[in-house]
1. Restricting attention to the stretch A:151-166, which residues are more than 16 Å from ligand 2 (Cβ to nearest atom) and farther than 13 Å from residue A:83 by Cα?
2. Of the conditions (1) within 12 Å of chain B (Cβ to nearest Cβ); (2) surrounded by fewer than 23 Cβ atoms within 10 Å (Cβ to Cβ), residue A:112 clears all except one; give me its number.
3. May I ask you to say which residue of B:54, B:89, B:59, B:11 is modelled with pLDDT of 90 or more, crowded, with 21+ Cβ neighbours inside 10 Å and either not in a loop (DSSP other than H, G, I, E, B) or not assigned by TED's automatic domain parsing to the domain that holds residue B:130 (or both)?
4. So which of A:334, A:268 is surrounded by 13 or more Cβ atoms within 10 Å (Cβ to Cβ) and over 26 Å from the mean Cα position of the chain (by Cα)?
5. Name the pairs: first residue in the stretch A:40-57 and within 13 Å of chain B (Cβ to nearest Cβ), second residue within 8 Å of ligand 2 (Cβ to nearest atom), Cβ to Cβ under 9 Å, at least 6 apart or on different chains?
6. Residues in the stretch A:21-44: is at least one over 19 Å from residue B:624 (Cβ atoms), at pLDDT 90 or above, within 16 Å of ligand 1 (Cβ to nearest atom) and part of a helix (DSSP H, G or I)?
7. Across the stretch A:206-219, what is the total count of residues that are under 18 Å from residue A:10 (Cα atoms) and either more than 16 Å from ligand 1 (Cβ to nearest atom) or not assigned by TED's automatic domain parsing to the domain that holds residue A:165 (or both)?
8. Criterion first (at pLDDT 90 or above, within 16 Å of ligand 1 (Cβ to nearest atom) and under 20 Å from residue A:190 (Cα atoms)) does residue A:162 satisfy it?
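The values are calculated or read from the model by the stated rules, or taken from the named source; none is laboratory data. Just so it is clear, the structure is predicted and the values come from calculations on it, not from any experiment. Note that we place each Cβ from the backbone using ideal geometry, even for glycine, and neighbour counts take in every protein chain shown.
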Ligand SMILES: Nc1ncnc2c1ncn2[C@@H]1O[C@H](COP(=O)(O)OP(=O)(O)O)[C@@H](O)[C@H]1O
Ligand SMILES: [Mg+2]
């Protein structure tokens, strides 16, 4: 006996969830491929948890259809869905030992006690907690409790495994380790996972795809790379990776790229599919380079307001005719001092145009 | 749904076709009693003895059978189950109320349909089972249609609780309302109702202007407010000392506070009389030493207030200890890390978190006081309160049920009002503080001022209680307290004598009969009360369904009905078919269940709202259904609430007097009623001896229940070797 997986895809078709008259989730549609890890990313209150709970069956959709593994489960209660969840608070049963917690789902679904215990032990082994079975949850550290919650959700071999901000109660170092462990486990077992977080770095690190939500609707979905390099709107551009947002004008396009005018400068960006005219340029902090001692050329004149040395790179705050700019520069050997004038140039990558 | 519906359907058929439809044969003098066994079932009786009105019950049963058995009709099953269950239930009730012992219960029905050849008796086992089956078929139908999130268990539980409350709370109260407007000739008139409700001896305020007593309403309210405040403060003090201080003799404190719970309330009255009555120890000492005149000052408001405070402080303590324990220490620790001093933490975090619990404790004591009967009966003197007035309106020379009913309505309204005020104040706060995580930190120590206040309140009171108990236990061994203090076993022998006769052991003491009945009734009602109460609490806290607000309101209403009102309403309602229960042991059990359910619900609600919801939700995602989740997650975490409910309902069944004094019969006499009878005869010795025996008995049982249910196993880190966490009482 070993822990296998039966991954299934998830599909939302025009799903809404209303509380009174306000929509926590508003007409949301997406597809999650079996065996992938998809993140729901967005600021607090945007409807991520509600979406996740609708997949679990803890919340019923007000309208729309939810499919898991191609079957319509819209009206199916949580008990009857083969979906498990790792709760933000871990929700470990405080009156049961760690082993009993992990075996719980097996026992209640009628697996024989001995088999359940064996499988629970295996689950604990899988998350690196072999030998902790007889402890109470209160006798474990936060990170260990987290692992127990994961093991408990895993041993049922769910079609979909849900995580609701699983790392928010852990310290930063542990968070990085746990997120790598979760990702590794998910890939090893080929699980379908839906992962909720408000931390864009976490989302970029673990996801096959990311669904960015804002104000109850999907802002954009795609692979981490797509979202970072080709954000579709101001919100996504800003939320993922952070960007300098400055006004520009789309003046021409061809061959998948578009030309944008910024003052007397022209830049080429991936074609955003927008009509010619006013656009917003999202310029990543690391897409700007500073040059001193030169004038003219293909840059814009700036004044260095602030320079911060961070070991691996420099951070600059610049003042320019287009507003303030934030720059991350790997060149620490010859930093530009604060107060100096310089020329800011733009590297080809890391600039995108979005609608104003 | 199919298997469970099928089971209920089968039981419905059993009830309809096999079990005797009517209750025991002796209850139907006007008709040929149906013989027990198959011949007495509704089906056979309807076919052979002319009670044709029973036969339509076959229709819903057949319909339900068709949709359950025939695969082709299964799509319609929920609708049909719902309809047939509802029709069946309605028919059972309608024919039961419309046709009494001697034919039509109301003359206009006779005028409409012509006379009936014969009447019918009260519902029996068959009727009860069939009605239950209809109820669950109906709720299964509801769930099948997608209500209550399609959860059959929730639907069934709501249906069951509602039906039970309707039958055993609202139906009797309805009889009281109609009784208050009784014209004396069997009719109802609003004028009669108004006149009874507005009687001057109920409402007058003459005590403010002249030296006469005030209306009975003002007496009751004044007493209840004082008792509520006193018990809440004491309960809080006890809880704080027990949970949040390093007090060494906590065990003793526990024992002392548990003692009054296991005592019938009027026993404290007896002890108070032994101390402060005309022959009381303190009274005699005061007159010897200081020449104070011997007076009857204890008979009246002071005595009743004192005894009620003694009697209800432990209940308040039970409520408060749950509240104090349930406050997640991490919150207080958080406040302290935010630079709040102990006192600021207490004021800004601990106290606001406890406030709903405090309000809750006050509410319970206020209503207990309004409803209390034993203490005002013994110590009230000329200080009349509503509950005693109701009693004397029924049993006294007046024998005026209409007046009793009117007083009952006023008492009821007072209690309802108390609930309303309380709910306004409580608002809609929910404090889930024991989270899903196991580690909640260490309960913080109290600020100095609060600690001193708590000690200063709790400890003297504990000492006083201790003295009273010494008196009770000792008083049973004296010949005649205050006058002849020589020692004797006479009273115990009179009560609990055993002898050997030709047939073996003879229970020849006078107390045995009532004692056995009391234990039987208490043992049967305690688990039922806890079950119904916690089930209701679960529905209220954990399930959201359409009409939850209304459901909550109904259970709340049943909270507010005082024992005296229940007592009189049960006599009025269950003295005649279709539900004929007076003189049986069943009516005593039912009375206790619905009388004590409120505290069980309260305990359950309080405890359940402190368990984080994510625990249930997690269990659901792990494939456990509602029932499994309750059994494996909620119940184990609710152990303190279960213990509280069991203890409370068992003890109340033994100590309660207000409702049952109306319901006991020579065959089923209860200990309390017997003791009060002895007191009225002036036989203090036997009364005290019997009470002491009860106290000892109840201590044993509580210890056993405590042992059987065990304690909550939530590992919190403990501060020092001296644990701050306490076992539930
Ligand atoms: N039970 C509820 N009743 C009313 N509003 C709710 C409820 N649950 C969530 N909401 C609202 O729905 C919105 C989305 O909530 P949620 O899905 O929890 O957001 P998040 O993205 O932070 O997880 C929020 O504005 C929240 O206030
Ligand atoms: Mg959330």
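1. Going through the stretch A:151-166, the residues more than 16 Å from ligand 2 (Cβ to nearest atom) turn out to be A:151-161.
Matches in the stretch A:151-166: A:151 only.
2. Result: residue A:112 fails condition (1) only.
3. Working: B:54 fails: modelled with pLDDT of 90 or more; B:59 fails: crowded, with 21+ Cβ neighbours inside 10 Å; B:11 fails: crowded, with 21+ Cβ neighbours inside 10 Å.
The conditions single out B:89.
4. None of the other options fit; the residue is A:268.
5. Between residues of the stretch A:40-57 that are within 13 Å of chain B (Cβ to nearest Cβ) and residues that are within 8 Å of ligand 2 (Cβ to nearest atom), the close pairs are A:49/A:88; A:49/A:164; A:49/A:165; A:49/A:196; A:52/A:164; A:52/A:196; A:53/A:164.
6. Looking through the stretch A:21-44, none of the residues is over 19 Å from residue B:624 (Cβ atoms), at pLDDT 90 or above, within 16 Å of ligand 1 (Cβ to nearest atom) and part of a helix (DSSP H, G or I).
7. Just the residues of the stretch A:206-219 that are under 18 Å from residue A:10 (Cα atoms), to begin with: A:207-213, A:217-218.
Pick out the ones that are also either more than 16 Å from ligand 1 (Cβ to nearest atom) or not assigned by TED's automatic domain parsing to the domain that holds residue A:165 (or both) and you get A:207-209.
Selection size over the stretch A:206-219: 3.
8. Values: at pLDDT 90 or above: yes; within 16 Å of ligand 1 (Cβ to nearest atom): yes; under 20 Å from residue A:190 (Cα atoms): yes.
So residue A:162 fits the description; yes.
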